[in-house]
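Step one of this worksheet: look at the structure below.
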Amino acid sequence: MLCKNCGKELPIAGKFCPFCGAVIEQEGVNDETAVFTSLPDELNGPIDLSAFDAAMKEGHPAAGGAQDGVTSGDPLAATDPRMPAADELPPIDVPPVQRSAGAPSSPRTTYFGTPDPDDRPYRRPSKGKKAAVIVVIVLVIAALAGGGVWYFLSRQPDENLTLAEQYMARGDFDKALEYYQAAQAEADDPSSLDATIQLLRDYQDAQDYVDNGQYTEAVAALKQLQNRVTDPSSALYAAVEDLLNQAQTAQSDSEFASDLARAQEYLDNSQYDQCAAMLDTLDADDTLTEDQKSQVADLREQLTEAQESAQRQEESQQQQSEQKQTFSDRIDKLEENDLQIASAATTEDELALTASSFEQWDSLLMDMYDYLSTILNADQYASEEASFQQWVEERDSGAENAAEGASDDTAAQLASYSFRQSYTKARCYRLLDMM
C-alpha cells in the first residue's frame, strides 16, 4: 500500500506514515478497530510543527520563552494539567536551527535524531527476484518431498522377505526358499541371503536322499546341516533334527532288513552256521524295535527246526546207509549160498537148494519193503506197493509158464522155483538201489 501523501510504499500496517507522518487511511476496518484508527478531519494531512517550535522557544527558558508557569504558548499545557511549569523543567540547550536562506526546508518526519541504518525504508522486491525465490522454494519443497518418499519406501520391509520369514517360522521351507530367492533378486545386497538360501537347498537335498532310500548320504548331509544352523530354537533346526531321526531310523530299518534277508538266504541254502552268526549279530543290536526283535526270534525258530530236521535227516541217512549195508551183506551171503545149487548131485538136491534159496530171497524182499515204508513218504510207498502187487502177479504167472514144459513133476517144481528165485533176486537188487 502507498502513502497518499508522499507516495512511498508502506512496509507494514500503521496509523502514520513513517516517512512523512501523514495519517494512514485503512480500508476494511470494522467498528472496533475504527475507534483506534479514525482521526478528526483537522488532523488528517501533514502535521505542521511550526507552532510547536514557536511555543518551545517562548515557553522554555533555554529557548528564550516565558517562565511563569504554564503559558498559552505551551501546547502540552492545554491538554495535560499534569504537565510541570516551565520553571520546574531542567534547563536544556536547544541548538539553533540553521537553515540556508535559499534552501528548502527538510520534510518533517516523526523520527528525531539520527536515524538507525537498520531502519531503512522497506522496498518491494522486483518481480524477477520474487520469481527466483518462488522457484527456489518450490525446488526445496520438491527435494524434501522426494527425500521423504525415498526414506519411507526405503524403510518399508520387503514383502518377499517378510513372507519368506513367515513361511520359515511355519516350517514350510519350500515356500520360504521361493520367497527368499525373490527377495534376493530385488535386494541391494543379494549376498546377504546366500547363507539362508543354501541352508534351505541343502535341507531339500537331504529330503531327496531320504525319499530315494539313500539313508547313508542323508544322515551325513543332515549332521553337517545341523552344525550350520545357529539357532537351536528355530523351525529349521527342529526340522533337521526330525529328518535326521527319520533317516537314522530308516537306515537302521534298511540295514536290519538287509541282514535279515541274508540270514534267510543262509537258512534256505542250509548254511546253518552262517545263518546263526547273522542272527546273533542282530540280537546284539540294542536299537532294534519290538517288531524287529520278533522277526529275529521267528527266524531263529525256523533255524532251530531246520537244524533239528537236518540232524534227523543225517541220522536217518546214517541209519539208511547202515541198513542198506545190512541188506547188501545179506544179498552177498545169499549169492554165496546159491553157488551150491550148481554143484548139486541130483535133481532132488537141486530142487531143495533152489526152493530154500527162493524162500530166503523172498524173506529178504519182505524185509526190504518193510524198511522202505519207514523212509518213503506215503505217496511214494503207495506207488511202490501197487507196483509190488503187479510184480507178484507177473512172478507167479511166469513160474507157472516155466513149469508147463517140464517132463515130470520134479522138473516142473524145479523150473517153477528157479523162476521165482531169480525173479525175486532181481527185485531185491532194485529195492537196494532205492535205499
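Annotations
- Positions within the stretch 163-183 being aliphatic (A, V, I, L, M) and either closer than 11 Å to Leu200 by Cα or out of contact with any helix residue (DSSP H, G or I) (no Cβ under 8 Å at 6 or more places or on another chain) (or both), in sequence order: Met168, Ala176, Leu177
Each row is one residue, and each column tells you yes or no for (1) at pLDDT below 95; (2) surrounded by fewer than 16 Cβ atoms within 10 Å (Cβ to Cβ); (3) not small (Gly, Ala, Ser).
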residue	(1), (2), (3)
Gln317	yes, yes, yes
Glu322	yes, yes, yes
Ser343	yes, yes, no
Asp349	yes, yes, yes
Ser357	no, no, no
Leu364	no, no, yes
Ser373	yes, yes, no
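- Scanning the stretch 412-435 for residues being over 15 Å from Phe358 (Cα atoms) and open to solvent by 30 Å² or more (accessible area, probe 1.4 Å) gives a total of 3.
- Tabulated pairs, the stretch 244-265, first under 11 Å from Leu288 (Cα atoms), second open to solvent by 60 Å² or more (accessible area, probe 1.4 Å), C-beta under 8 angstrom, 6+ apart or interchain: Ser252/Thr287
- When Leu279 is tested against (1) in a helix (DSSP H, G or I); (2) among the aliphatic types (A, V, I, L, M); (3) out of contact with any Lys or Arg (no Cβ under 9 Å at 6 or more places or on another chain), exactly one condition is not met: (3).
- Selection status of Ala238, among the small types (Gly, Ala, Ser), open to solvent by 30 Å² or more (accessible area, probe 1.4 Å), in a helix (DSSP H, G or I) and under 30 Å from Leu199 (Cβ atoms): yes
One line per residue, one yes/no per condition, for (1) charged (D, E, K, R); (2) in contact with a Lys or Arg (Cβ under 8 Å, 6 or more places away or on another chain); (3) touching a residue at least 60 places away in the same chain (Cβ under 8 Å):
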{"position": "Gln311", "(1), (2), (3)": "no, no, no"}
{"position": "Ser316", "(1), (2), (3)": "no, no, no"}
{"position": "Gln325", "(1), (2), (3)": "no, no, no"}
{"position": "Arg330", "(1), (2), (3)": "yes, no, no"}
{"position": "Glu336", "(1), (2), (3)": "yes, no, no"}
{"position": "Asp362", "(1), (2), (3)": "yes, yes, yes"}
{"position": "Leu365", "(1), (2), (3)": "no, yes, yes"}
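- Meets criteria (part of a helix (DSSP H, G or I), in contact (Cβ under 8 Å) with a residue 40 or more places away in the chain and open to solvent by 60 Å² or more (accessible area, probe 1.4 Å)) for Glu394: no
- Among the conditions (1) within 24 Å of Ile331 (Cβ to Cβ); (2) open to solvent by 50 Å² or more (accessible area, probe 1.4 Å); (3) at pLDDT 90 or above, the only one that Glu400 does not satisfy is (1).
- Verdict on Ala263 being assigned to a helix (DSSP H, G or I) and surrounded by 15 or more Cβ atoms within 10 Å (Cβ to Cβ): yes
The values are calculated or read from the model by the stated rules, or taken from the named source; none is laboratory data. Since we're looking at a predicted model, the values are computed, not measured. Every residue, glycine as well, gets a Cβ built from its backbone with ideal geometry; the counts of neighbours run over all protein chains shown. Heavy atoms of the whole protein, side chains included, go into the accessibility calculation; ligands, DNA and RNA do not. Shrake-Rupley method; radii C 1.70, N 1.55, O 1.52, S 1.80 Å.
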